């Protein structure tokens, strides 16, 4: 059973999410209506995942995400927002969010994402990545920046695979995948897997048009 903290200033939405998570057997350890409350509750309850809205009073979800990642390192953050402001998307990723979902997402997809995040995966929405890509002034290829294997790993992640799935698909261990990812972070000056994938997309190293092979 994973521990979840809900952070959203809409009480009805929080109530609906809490009921749905609890019906699925998960443990909702708290509800916050402001970013400040989210940080305080995360420190007090040590949840596995905070499901975070971005637009909240007192302190927004971006600042709250950054503080939670700094002060409660065992807690991961999944953003659930109705806004598609690209600058906020970038800021949330840079702040350490492990997933970014829209409020139009089904509850089952939200829960699946929360479970993956709790398990250490990073979940990237290709649609949001594509929206971010359209704001770039230009895209340039830089094939020599990453090795062929590193490009394969990032492409697999961009296609929606988890790190475990990527390792199985490429015939390498999950540990090897993570070793490559650490090297990728250094090369792309990225703070997270999502940040690395988006950086590679902007550089033209990988694309978002592939599909996950069947059976992965």
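The values are calculated or read from the model by the stated rules, or taken from the named source; none is laboratory data. Predicted, not measured: the structure shown is a model, and the values here were computed from it. A quick note on method: Cβ atoms are made from the backbone with ideal geometry, for glycine too, and the neighbour counts reach across all protein chains shown.
Points worth noting:
- Failed item in (1) modelled with pLDDT of 90 or more; (2) more than 16 Å from residue 201 (Cα to Cα); (3) within 19 Å of the chain's Cα centre (by Cα), with residue 179 passing the rest: (3)
- Condition check for residue 94: buried (at least 23 other Cβ atoms within 10 Å of the Cβ), closer than 17 Å to residue 123 by Cα and at pLDDT below 95: no
- Residues located in the stretch 53-88, provided they are more than 22 Å from residue 118 (Cβ to Cβ) and part of a helix (DSSP H, G or I): 63, 86, 87, 88
- Filter result for residue 130 (in a helix (DSSP H, G or I) and at pLDDT below 85): yes
- Number of residues in the stretch 44-59 that are in contact (Cβ under 8 Å) with a residue 24 or more places away in the chain, out of contact with any helix residue (DSSP H, G or I) (no Cβ under 6 Å at 6 or more places or on another chain) and surrounded by fewer than 19 Cβ atoms within 10 Å (Cβ to Cβ) equals 4.
- Selection status of residue 188, surrounded by 19 or more Cβ atoms within 10 Å (Cβ to Cβ), under 26 Å from residue 74 (Cα atoms) and at pLDDT below 85: yes
- Sole residue being in contact (Cβ under 8 Å) with a residue 40 or more places away in the chain and within 15 Å of the chain's Cα centre (by Cα), chosen from 2, 93, 62: 93
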